[in-house]
Amino acid sequence: MLKSFQDPAVLIINYDLKRKSGYLNPQHNLKMDSVQTSLLFEEKKKQMCGEIARKIIDSGANVLFCEGDIDPYIETLLRDNGILAFKKLKMKDLEKLAEATGTTLKVFQDEIHPRDLGKADSIKLEKKNGENFVFITVKEKAIATILIWEPVKYGLDKVEEAIDDALNNAAFLMKNREIVNGGGAIEFELAHMVRLFAATQTGKKQLAVQAYAEALEKIPTILARNMGMNAIDAVAQMRNSYSRGIEARIDLSRKVTDKGPEVYDSATVKKLAIIAGTETAKNVLRIDEIVPKR
């Protein structure tokens, strides 16, 4: 059996490649009461399976991806004609594969023509960690698959979740390219601006604005605590840096610094987070006002 193809023709179907007894004997007038009847039944089955296999072979496909099951006799005919077949695949995987190879899923009634087949640069079958994997290369399509290996199911779920978040963030940044300083720097700078605005207010309004500034400073405080730093010292160092005109941040080195690799966050995500937090706080305050009145 061939395990690799260069410039293969790809066929994707979403039905079983097999014949059930209802198709072989629709009148249900045959009984398996003799060897001849059994042989006749088997011969009819081979004939119909051969027609299905011939339909695929004549299409010119090199690799077949099937959602359903494949009859062993059809598998043999396909293998003898150098066709690599995969069965019992998930529909969502087939849809992504069809998009990558530039084809559509075929149903049983469809005629299969060479122009209906998908194209790929290469398809290779490899065995890794005791499991078979098929690697499909399509250079003209901006589509890729990330293979994650993790022996523990819980760990696999966490790694998959982390990668999914990273990819979503990258896609979001491609659509919304505005960025701000990360590591708690933007929140601390906004808190400083809000404090300056608070100085222009009087009475209860000034207290509310100052409380908003303190809420923004909670972000770098929590980041420092999560890094194992002393949160009070970290905030004091950031205030000292900003008083000298230095945009400092909480760094992976567990220091408050403006050196090393820059850290950025999506400006849109930060804006949405602040809006959501503000609206939540306002809703809570409204509830506190309503409950005493009852």
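Nothing in this text is a laboratory measurement; each read-out follows from the coordinates by a stated rule. Fair warning: this is a prediction, and the values are worked out from it, not measured in the lab. When we count neighbours, we look across all protein chains shown, and the Cβ atoms used for this are built from the backbone with ideal geometry, even at glycine.
Taking amide hydrogens as modeled 1.01 Å from N in the peptide plane, which residues meet the under 5 Å criterion relative to Phe86, leaving out close sequence neighbours?
For Phe86, whose amide H was placed from the backbone, the distant partners under 5 Å are Leu64, Phe65, Cys66.
Non-local amide H neighbours of Thr257 (under 5 Å, H modeled in plane, Pro and chain starts lacking H): which ones?
Here Arg249, Asp251 satisfy the definition.
Hey, what angle do you get for helix 35-59 against the long axis of the chain, alpha-carbon based, 0 to 90 degrees rounded to 10?
Helix 35-59 and the main axis of the chain meet at about 50 degrees.
Excluding residues on the same chain fewer than 8 positions from Lys205, give the lysines whose Cα lies under 29 Å from its Cα.
Excluding near neighbours in sequence, the set is Lys218, Lys270, Lys271, Lys282, Lys293.
When you count, for each residue, the other Cβ atoms within 10 Å and take the mean per peptide, how do 193-200, 137-144, 119-126 rank with the highest first?
119-126, 193-200, 137-144
Of the labelled options [x] 1.06; [y] 1.44; [z] 1.67, which one gives Cα Rg over 2.2 N^0.38 Å as computed for this structure?
Answer by label: [z].
Taking amide hydrogens as modeled 1.01 Å from N in the peptide plane, which residues meet the under 5 Å criterion relative to Ile70, leaving out close sequence neighbours?
Amide H neighbours of Ile70: Leu17.
What is the sum of charges around Gly183, taking Lys and Arg as +1, Asp and Glu as -1, for the other residues whose C-beta is under 11 Å from the C-beta of Gly183?
On the way: positive: Arg249, Lys255; negative: Glu187, Glu247, Asp251, Asp258, Glu262, Asp265.
Computed value for this residue: -4.
So what J values fall out for the stretch 266-272 if you push phi through Karplus, 6.51 cos²θ - 1.76 cosθ + 1.60 with θ = phi - 60°, rounded to Hz, Gly and Pro as x?
Each residue's phi maps through the Karplus curve to give 6, 5, 5, 5, 4, 4, 5 Hz.
With θ taken as phi - 60° and the coefficients 6.51, -1.76 and 1.60, list the Karplus ³J(HN,Hα) couplings across the stretch 136-146 in order, rounded to whole Hz; mark glycine and proline as x.
The phi angles translate into 10, 10, 10, 5, 7, 10, 7, 10, 9, 10, 9 Hz.
Show me, for the stretch 199-207, the HN-Hα J-couplings you get by feeding each phi into the Karplus relation (A = 6.51, B = -1.76, C = 1.60, θ = phi - 60°), rounded to Hz, glycine and proline as x.
Karplus values, whole Hz, x for Gly and Pro: 5, 8, 9, 9, x, 4, 4, 5, 5.
How high is the relative contact order of the chain, given as a whole-number percent (alpha carbon pairs under 8 Å, six or more residues apart)?
15 percent
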